[in-house]
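So the structure is just underneath, and the comments pick up after that.
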Amino acid sequence: MSSSAIKLEARAVEVTVTADTLRVRLADGRELAVPVAWFPRLQQASADVRNRCRLIGGGVGIHWPDLDEDFGIEGLLLGKPSSESPGSFERWLKRRTEELQKDAA
């Protein structure tokens, strides 16, 4: 008798972001909530930008085009915060600040 492993892939169907919490509702009915503080780009963004995201890969990930940020649902379920280095985040933040200032001028 052989057995086969069944791999269930968690898929997001809805994303809500507050100043403190990223909430993801999954297709199987589970809900996941993680601190926004885990993700520096998301934490520094305005409410409008935080909520302007889209599901990618049929719900296996979330993309924020304004932040150039992507999270995989599997990583969120595993409790993995952003792996971006402080130096990388600082460079990104500097570029973003310059772009926003240029757009405002």
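What number, rounded to the nearest 500 deg cm²/dmol, is the helix-based mean residue ellipticity at 222 nm of the chain, given -39500 (n - 2.57) per DSSP H run of at least four residues and division by all its residues? Before the final figure, lay out each step's value.
Working: 4 runs with 33 residues, N = 105.
Counting only the DSSP helices, I get -8500 deg cm²/dmol.
Where in the range 47-69 does the amide nitrogen come within less than 19 Å of the point 7 Å from the Cα of Ser88, taken along Cα to Cβ?
Flagged as within label range: 61-69.
Can you tell which of Val24, Val15, Val49 shows the greatest fluctuation in a Gaussian network model of the chain with Cα springs below 10 Å?
Answer for the Gaussian network model of the chain: Val49.
Taking 1 over the mean of 1/r across every pair of different Cα atoms in the chain, what Kirkwood radius in Å do you get? Numbers along the way, then the final one.
Working: mean 1/r = 0.0665 Å⁻¹.
Result for the chain stands at 15.0 Å.
What FRET efficiency, computed as 1/(1 + (r/R0)^6) with R0 = 35 Å and r the Cβ-Cβ distance, is obtained for Ala37 and Ala105, rounded to the nearest 0.05? Write out the running numbers ahead of the final one.
Values: r = 31 Å, r/R0 = 0.90.
In this case the efficiency is close to 0.65.
Which longest uninterrupted range of the chain lacks any trypsin sites (Lys or Arg not before Pro) assigned by DSSP to a loop state (not H, G, I, E or B) and surrounded by at most 13 other Cβ atoms within 10 Å?
On the way: sites that count: Lys7, Arg30.
Excluding the exposed sites themselves, the longest stretch runs over 31-105.
Please work out the Cα center distance from the range 44-105 to the range 9-40, rounded to the nearest Å.
Between the Cα centre of the range 44-105 and that of the range 9-40, the gap is 14 Å.
Read-outs throughout are calculated quantities, based only on the coordinates presented, and are distinct from any laboratory measurement. Remember, predicted model here, so these are calculated numbers, not experimental data. When we count neighbours, we look across all protein chains shown, and the Cβ atoms used for this are built from the backbone with ideal geometry, even at glycine.
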